[in-house]
Structures are given as C-alpha cells and as structure tokens.
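A.B. asks: Could you have a look at this structure, given as structure tokens, before my questions?
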Amino acid sequence: MRYSLIIAEDENESRHGLMDYFPWNDLGFAVKGGFASGEDALSYLKEGGEADVLLTDIMMPGMNGMDLIEKARSIRPEMIPVVLTGYSDFSYARRCISLGVREYILKPAGYDELKDVFTRIRRELDSKGDSRKRLSPSECTEMMRKYISEHLDTASLK
C-alpha cells in the first residue's frame with residue numbers, strides 16, 4: 001500500500017530535491033504535493049487533498065511549520081507530522097512535541113536517516129491499517145453505535 005505524503009519547504013532546491021530525487025515509492029509513499037509555504041499546504045488540505053504524512057520545515061515565510069501542523073491537525077487529525085529543519089533550538093523541539101510531531105530531523109539529513117524515519121512511519125501506518133482490518137463487522141457496528149450515542153447531543157449538520 002502507498003501512503004500519501006506532502007512536503008512544505010520554502011527552499012526550492014530542498015523541496016524539489018526531496019520531491020524528485022528521494023525514492024519515496026520504494027518506501028511506500030506517493031508525494032501528492034510540494035508547497036513553498038504553509039499557507040499553500042493548508043489550502044491543499046482544506047480542499048480535501050490527501051496526506052497521511054506531512055513533512056515540513058519550521059521556518060517559512062508567512063505561516064511557519066508549527067502553525068501549519070497545528071491547523072492541519074484540525075483538518076486531518078490522523079496525519080503524521082514530521083519536521084525537517086535547520087533549527088536545533090530546544091523551544092522549537094518542545095513545541096513540536098506538544099503538537100505530536102513524530103520525528104524532528106535536523107538538516108542536513110542524510111539519505112539513511114530519512115530512509116529509517118520513513119520506514120518506521122510506514123510500518124506504523126501498516127500496523128494501524130492491519131488493526132482496523134481485524135475488526136469484525138459486528139465490532140465495527142457496535143463501535144459506531146457507541147460513538148453515535150455518546151455524541152448525539154452535540155451532533156450537527158456541520
């Protein structure tokens with residue numbers, strides 16, 4: 001199975017290098033888009049764009065990567081965020097932890113490091129998919145009934 005990946009990186013050379021030269025397909029990922037800003041990546045997600053994983057830089061003009069992650073989580077809460085940055089400042093790392101960032105990778109990252117990170121993420125996504133497949137239809141129905149009954153009073157057409 002291929003998982004969808006988007007890349008938010010303001011440096012053209014880095015963004016295109018990641019998109020065009022890293023063997024994402026071999027690792028089980030399909031790059032759905034590369035964005036020069038957090039705003040563009042967020043617009044893509046708001047329009048229903050696919051993204052199992054978001055790979056983002058921290059410092060970008062306009063919306064930084066941490067704000068992008070926070071806003072993207074409200075659209076796709078199951079999406080896995082990964083940060084690739086040149087900033088090793090602890091305050092950035094601390095905020096990323098609070099946002100649920102799976103990996104904090106410092107530039108310049110080598111091929112092996114990126115390969116290891118995304119191999120782990122693919123395994124995690126595979127195991128999530130396997131656990132969903134193991135539920136019987138009656139278990140799924142029961143889970144849906146429970147969710148509906150617990151959230152009925154707050155439900156809306158929105």
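A.B. asks: Select the strands (runs of 3 or more DSSP E) contained entirely in segment 1-117, then report the ones holding at least 2 residues which are β-branched (Val, Ile, Thr) and either open to solvent by less than 40 Å² (accessible area, probe 1.4 Å) or touching a helix residue (DSSP H, G or I) at 6+ places or on another chain (Cβ under 9 Å) (or both). It would help to see each step written out before you state the result.
C.D. replies: Values: elements: 3-8, 29-35, 53-56, 80-85, 103-106.
In segment 1-117, the matching strands (runs of 3 or more DSSP E) lie at 3-8, 53-56, 80-85.
A.B. asks: Look through segment 76-100, keep the residues that are β-branched (Val, Ile, Thr) and modelled with pLDDT of 95 or more, and return whichever of them is farthest from Lys32 (Cα to Cα). Before you say what the answer is, go through the steps one by one.
C.D. replies: The first filter runs over segment 76-100 and keeps only residues β-branched (Val, Ile, Thr), leaving 80, 82-83, 85, 97.
The next check asks that each one be modelled with pLDDT of 95 or more; those that pass are 80, 82-83.
Details: Ile80: 15, Val82: 16, Val83: 17 Å.
Checked segment 76-100; the qualifying residue farthest from Lys32 (Cα to Cα) is Val83.
A.B. asks: Please specify each residue of segment 25-48 satisfying the condition of being farther than 23 Å from Asp67 by Cβ and without any contact (Cβ under 8 Å) to a residue 60 or more places away in the chain.
C.D. replies: Going residue by residue through segment 25-48, those that are farther than 23 Å from Asp67 by Cβ are 25-30.
Answer for segment 25-48, where residues must be farther than 23 Å from Asp67 by Cβ and without any contact (Cβ under 8 Å) to a residue 60 or more places away in the chain: Asn25, Asp26, Ala30.
The values are calculated or read from the model by the stated rules, or taken from the named source; none is laboratory data. In this text the structure is predicted, and so the values were computed from the model without any measurement. Here Cβ is always computed from backbone atoms with ideal geometry, including for glycine, and neighbour counts include all displayed protein chains. All accessible areas refer to the heavy atoms of the entire protein, side chains included, with ligands and DNA or RNA removed. Shrake-Rupley method; radii C 1.70, N 1.55, O 1.52, S 1.80 Å.
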